[in-house]
Amino acid sequence: MSTAERVVFEHVTKRYPGTGSGNPGAVEDLSLEVPAGKICVLVGPSGCGKTTSLKMVNRLIEPTSGRILIGDTDIARRDVIELRRSIGYVIQQVGLFPHQTVGENVATVPRLLGWDPARQRDRAAELLELVGLDPARYASRYPNALSGGERQRVGVARALAADPPVLLMDEPFGAVDPIVRERLQNELLRLQEHLAKTILFVTHDIDEAIKMGDLVAVMQTGGHLAQFGSPDEILARPASDFVARFVGADRGLKRLALVRIGDVEPAPVATVRIGADAAEARRSAAGDGFPYLLLVDERDRPVEWLRADALPATGSVQAADGMPAAPIFDRRTTFKDALSMLLATDVQAGIVVDDAGAVRGLITTDVIEQRTRTPAP
Amino acid sequence: MIDWAWILDHLDELAWRTLQHLYLTAASVAIGFAIAFGLAVWSIRWRAALRPILGGTGLLYTIPSLALFPLLVPVTGLTDATAIIPLVLYSLLIFVRNFVAGFDAVPAEILEAADGTGYSSRGRFWSVEVPLAIPLIVAGVRLATVSTIALVNISGLLGDRFGGLGFFIFEGIRHSFPTEIFLGGLASIALAVAMDAALQAAQRRLTPWVAQPTAVGSPGSAVRRPVPS
C-alpha cells in the first residue's frame, strides 16, 4: 500500500489564447495545498476552471504559469506518461474501454507498467472485490453489459489498480441517477477510510462537495479561488457574496448534514422494561417530570411511548398501543436527516440507539436547532 | 440454353480463373488498404489533409475503368501491375472514408481515459483506436472487396492473360456463347457473396465486445432474470 502524497498548487494560471481573463476554463493564480490523505472538492459553476485545475495535475492540460507539486516534486519535471500512470483518474463518462473485459479494464495501468499477467489478474480481482463487484461474475464481461453504477465502480477500480498516491475524480457520479449516486458516494467514503488517498474531486453540486470533502475549494467564473476551507467553515462563514449565494440560502440547514448523531451526547430518557413492576415505573416517571416513559424490550430496544399516568397502579407493565417509538436515529444519522424525520413524525424528540439497536437516549429539535447557530470551530 | 457439358469440360479453367480473380482482388485490396491506412492516419493527425485526400481519391473514382486499364498499357506493359494499379486506385476512396469514419467514431471520453491512464500516443493508437475502429474498417474492406471483385472482370479487356472470371465473359461475348457469359457472371457474383460473408464472420470474431443482435431481449443484458408471469 503506497502512502498518499500531498498536492500543492503554487500560483497556477491557465489562460487560453485569444480571449481575456474570464474565458471559460481559465484558471487565475490558484494556490492551495491538499494534505496527504484528504479529499479536496473543487466546486463551482460551469466554466470556473475546476476541471482545468484537475487536468493540470495529470498534465492533460499544461499550466501557462505556476507549478504543481505532488509530494515535494514539481510534476513538470516528471515524465508525463510515468506521471499519469501514478495518478488514478476517474471521469464522468467513465471511459471504460469497450473492447476490453472488465478485468482487462481494471488491469490497464498494471498492464502498461508491465506486470506479469497472473499478477494483473489477481490485482483486478482484488479491486473488483473492493468496489463490491464479484470478480467471478464480472471480470470476463464487457462494459456494455454493465449498468451505469457498475461501470462507475469499475472506473474507480481501474483508477486504484496501481495503488496511486493521488486520485483525480472529474464529476465521477454526475451521470448516474440520484439513488445510485448516493450509494456510490457512501461507498467511496467508506473506501477512503481504509485507502486514505489524496483525492481531488470536481463537482458542480455544492451538496456533493459538502458531503465528500474534507476540504472544499469554491471556484468562481474567471478561475478565481473564492474560498478554501472545511465544509463547515464555508457554510458557517462564506468569504464573499458569491460563496454565500453559491452555497445557498439554506446553508444553515446544510451544516446540519455535517453533524452526525454520534457526534453528540444524547439526553437521558426514562425507560421501562416490558414486565417491570408498574408501581415502580410510576414512581420513577414522577421523579422525571417528563410525562412519558419509553417502553423497551428485554434487550433495551424501543417498543413504544407510554403515558406515565396511564400506567396501571399495580401489576406489570405491558405494551398498550401507546405512541410509536419513532423516529429512531443511529450514530450515522445526520442532523439534517434527523430534523426532517422529526418534522415528518411531528414529535419533539427522536430516540438514539446504538449499533445493537438498544436505547441510548434522546435528541430533541432544540439540540439540532442550536447547532445551526454555533460558529464553525 | 446453358451448355452444361461445356462447363463440365472447363472446370479446370474455371478453377484457375477463380484463383486468378482472388489473387488480383487480394493483391489490390491489400495494397489499397495499406495506402489508404497511411492516408487516413495522416489526415486524422493533420485535419487539413482530409479534404484534398478525399477530393483526390474521389476524382480517381470517377475515371471510367474501361479507359483506365488500356491507358496504363504504354506505361506498365501487359504486367500484373496494369491490372492491379487501377483496382487499387478505385479502392482508395472507399477505404479512406471508412477508416476516417472509424477513427472519428472512437468516443472522446475513451481517448481521454486512455491518455489519463498513461497510454503513450503510439500505445493508444494501436491498443485503443485501431481496435475500436475495426467495425468500420472491416465495413470498408467488405465494400472494397465486393467492388474490386466486380472490377477485376473489366481487366479482361486487357487480354486473355487478365480478367479472372471476366475472361469467360469477354470470350463469351466474342464467340456469342451465352453459357460462358453466364458462367463468368454467376461465378463472379458467387465469389463476391462468399467473400463478403467470410469477412463478416471475421469481423464478429475480431470484435467480440460488439453486442450481436439476438432474437429476444436486450443484447448482452447483464443479468438474465426469469420473466415474471
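Taken together, the values in this text are just the output of simple stated rules run on the coordinates, not laboratory data. What you see is a predicted model; the values in this text were computed from it and never measured. Glycine gets a Cβ as well: all are built from the backbone with ideal geometry, and neighbour counts include every protein chain shown.
Results, tabulated for the structure shown:
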item: Normalised contact order of segment A:116-228, rounded percent, pairs of Cα under 8 Å and 6 or more residues apart; result: 20
item: Taking N as its residue count, the alpha carbon Rg of segment A:262-373 over 2.2 N^0.38 Å; result: 1.08
item: 3J(HN,Hα) from dihedral phi, segment A:71-84, Karplus parametrisation 6.51/-1.76/1.60, rounded to Hz, x for glycine, proline; result: x, 10, 9, 5, 5, 5, 8, 8, 5, 5, 5, 5, 4, 5
item: Segment A:208-268 - convex hull of alpha carbons, volume per residue in Å³; result: 88
item: Expected 222 nm ellipticity per residue - DSSP helices of 4 or more, -39500 (n - 2.57), all of the protein assembly as shown, to 500; result: -15000 deg cm²/dmol
item: Degrees separating the helix B:130-154 axis from the principal Cα axis of chain B, which is the longest one; result: 10
item: Under 5 Å, built H, 5+ apart or other chain: amide partners of A:Gly66; result: A:Thr13
item: Residues with amide H under 5 Å from that of A:Met169, placed H, sequence gap 5 or more; result: A:Val90, A:Leu200, A:Phe201, A:Val202
item: Estimated vicinal HN-Hα couplings, Hz - segment A:42-58 in sequence order (Karplus 6.51, -1.76, 1.60; Gly, Pro = x); result: 9, 10, x, x, 5, x, 7, x, 5, 5, 4, 4, 4, 6, 6, 6, 9
item: Segment A:262-373, relative contact order [Cα under 8 Å, separation at least 6], %; result: 26
item: C-alpha long axis of helix A:117-130 to longest principal axis of chain A, angle in °; result: 30
item: Phi to ³J(HN,Hα) by Karplus 6.51 cos²θ - 1.76 cosθ + 1.60 over segment B:12-29, Hz, x for Gly, Pro; result: 4, 5, 4, 5, 6, 5, 5, 4, 4, 4, 5, 4, 4, 5, 5, 4, 5, 5
item: Under 15 Å, Cα to Cα: Lys pairs in the protein assembly as shown, sequence gap 8 or more or different chains; result: 7
item: Relative counts (whole %) of C-alpha pair distances in the protein assembly as shown, using bins that are 10 Å wide; result: 3, 13, 16, 16, 15, 12, 9, 6, 4, 3, 2, 1, 0
item: Residue-count net charge about B:Gln203 - beta-carbon cut-off 14 Å; Lys, Arg +1, Asp, Glu -1; result: +2
item: Anisotropy class of chain B from Cα gyration tensor, a/c 1.5 cut; result: oblate
